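The values are calculated or read from the model by the stated rules, or taken from the named source; none is laboratory data. The shown structure was predicted, so the numbers you read here are calculated from the model rather than taken from an experiment. Because the Cβ atoms are built from the backbone with ideal geometry, glycine has one as well, and the counts that use them run over all protein chains shown.
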Amino acid sequence: MLFIDFYLIIAIFLPLTIHSNDQGDDHYKDLYFEVVEPSDINYTFRCRPAKDLGTKFVNDDDPSKLSKSLSKAQRSEYISGKYLCNNASNRWYDKSFNMIMLSDGTLGLHCEHAWGDGVALLRFCNDIHKDVNEHGKINSSNYQLIKSSTHDCIEKLEFNLNDKLINEYHMSKKNYDEFISKLNVNIYQESVLSKNLLKKSALSPDAIMQLGIQMSYYKMHHRFVSTYESCSTAVYKHGRTETIRPVTNETKHFIETLTKSNDENLKKTLLKKSSDKHQQLIKEAATGEGFDRHLFALKYLQQIENQEKNLHPIYTDKSYQLMNHTILSTSTVASKHIAAGGFGPVVNDGYGIGYLIDDDQCGLLVTSYMKNELTDFIQAANESYKELANIIRE
């Protein structure tokens, strides 16, 4: 039996997965180990990325940050930061996802987005939660226990790490640490708005959450910007996502009216129109009637036909460029088994916003490279959702 120093390979190899796939493949070729057989024949093996779907890690967290004496928002903020970006030697970025267990038993997933979307991860999390609650602890009554035995013929594999690989490791680790040091995470979580409240008013919970995000940004900058909301198209066999564009004439009219009028009936009317419009956009996106993915597909077809220099003028138009500079990148997770979900911003001057609303509360998990503005955004969100709740309750 061959024995590999697993912790050595993890510490050196995993930071290299930060790179693009092409660069990563080059580094895999540089990683090898030798086995010397009794016959003195020397075999060299190349290390290849494992084929399994995901990897499992126990995180090196700070137990004091997980104390039950802290507020739920404080714990969520710390945990989310750990799951999103932490020690590079404790993440395998080429995997579909990493399952990360904290010292208090909290389980989280870190996902590589190319292969799939939130729907698959939600199903995975929900099934795990269901299995754990239905079957409880593993014992001989519900699982067949298999006895294992050790072998005497265990041989350790010594890795040959050349100078190129070691230098690349240090460079990758340094670049990664510098990058994640700029990322900030903050949480908004309150019971001021809930699904129960919105159902009584016939308003779309998703529409109201999106409206609160728009109001928050407008309070800070007095303008409307490109906003992206992911919508699943999993109803189709090979469906992935379509984009919902939450900024509409209806949302613009409502938000501007808040600063100009004290007419509560007018505000309620405009709020309902905004909600109805958003529901229409959700339906269109989910049934393939959006426009973002169609434009993307047409652009891609031109690119693979080597027409990069002759792209249709729409793709070089200023409006198209502005639309795709996504300041507010948003997505939601809908599961009672998930405390929060989030992701990084897609542009340096933007925000990554994971949001949820359930029967009793609503919340945002917001990321940004702008620390001071992130604090202001959370404060603006607190004001915005209170303002919306007051209008709805009037």
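Listed values, structure above:
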quantity: Flag if Glu242 is outside any helix (DSSP H, G or I), touching a Gly at 6+ places or on another chain (Cβ under 6 Å) and either within 23 Å of Val347 (Cα to Cα) or among the hydrophobic types (A, V, I, L, M, F, W, C) (or both); calculated: yes
quantity: Positions within the range 331-344 being touching a residue at least 60 places away in the same chain (Cβ under 8 Å) and farther than 13 Å from Ile187 by Cβ, in sequence order; calculated: Ser331, Thr332, Val333, Ala334, Ser335, His337, Ile338, Phe343, Gly344
quantity: Filter result for the condition that a residue is assigned to a helix (DSSP H, G or I) and not hydroxyl-bearing (Ser, Thr, Tyr), over Leu356, Leu374, Leu364; calculated: Leu374
quantity: Hey, Thr243 within 30 Å of Ser384 (Cα to Cα), surrounded by fewer than 18 Cβ atoms within 10 Å (Cβ to Cβ), of a type in the set (Val, Ile, Thr) and modelled with pLDDT of 95 or more or not; calculated: no
quantity: Matching residues in the range 362-394 - criterion: being surrounded by 21 or more Cβ atoms within 10 Å (Cβ to Cβ) and without any contact (Cβ under 8 Å) to a residue 24 or more places away in the chain; calculated: none
quantity: Only one of Lys267, Lys252, Lys237 that is surrounded by fewer than 16 Cβ atoms within 10 Å (Cβ to Cβ), basic (Lys, Arg) and part of a helix (DSSP H, G or I); calculated: Lys252
quantity: The listed residue being in the same structural domain as Gly354 (by TED's automatic domain parsing) and under 22 Å from the mean Cα position of the chain (by Cα), out of Glu264, Glu256, Glu250, Glu242; calculated: Glu242
quantity: The range 250-308, residues that are acidic (Asp, Glu) and under 16 Å from Leu203 (Cβ atoms); calculated: Glu250, Glu264, Asp276
quantity: Some residue of the range 317-340 being touching a strand residue (DSSP E or B) at 6+ places or on another chain (Cβ under 6 Å), at pLDDT below 95 and farther than 25 Å from Tyr236 by Cα; calculated: yes
quantity: Residues satisfying the stated conditions in the range 205-230, i.e. buried (at least 20 other Cβ atoms within 10 Å of the Cβ) and not aliphatic (A, V, I, L, M); calculated: Pro205, Asp206, Gln210, Gly212, Gln214, Ser216, Tyr217, Tyr218, Thr227, Tyr228, Glu229
quantity: Subset tally (residues that are surrounded by fewer than 16 Cβ atoms within 10 Å (Cβ to Cβ) and part of a helix (DSSP H, G or I)) for the range 274-290; calculated: 5
quantity: Filtered residues of the range 90-126 (kept if over 21 Å from Gly354 (Cβ atoms) and assigned to a helix (DSSP H, G or I)); calculated: Asn90
quantity: Number of the exception - Asp359 against (1) surrounded by 19 or more Cβ atoms within 10 Å (Cβ to Cβ); (2) within 24 Å of Leu198 (Cα to Cα); calculated: (1)
quantity: Near pairs, Cβ below 6 angstrom, 6+ apart or cross-chain, from the range 105-133 (in the same structural domain as Leu84 (by TED's automatic domain parsing)) to any residue that is aromatic (Phe, Trp, Tyr) and surrounded by 17 or more Cβ atoms within 10 Å (Cβ to Cβ); calculated: Gly108/Tyr83; Leu109/Phe97; His110/Tyr83; Cys111/Phe97
quantity: The lone exception for Asn306 - which of (1) farther than 19 Å from Asp117 by Cα; (2) within 24 Å of the chain's Cα centre (by Cα); (3) outside any helix (DSSP H, G or I); (4) not hydrophobic (A, V, I, L, M, F, W, C) it fails; calculated: (2)
quantity: Pairs where the first residue, in the range 270-292, is without any contact (Cβ under 8 Å) to a residue 24 or more places away in the chain and the second is part of a helix (DSSP H, G or I) and of a type in the set (Phe, Trp, Tyr), C-beta under 9 Å, 6+ apart; calculated: Leu270/Phe254; Lys273/Phe254
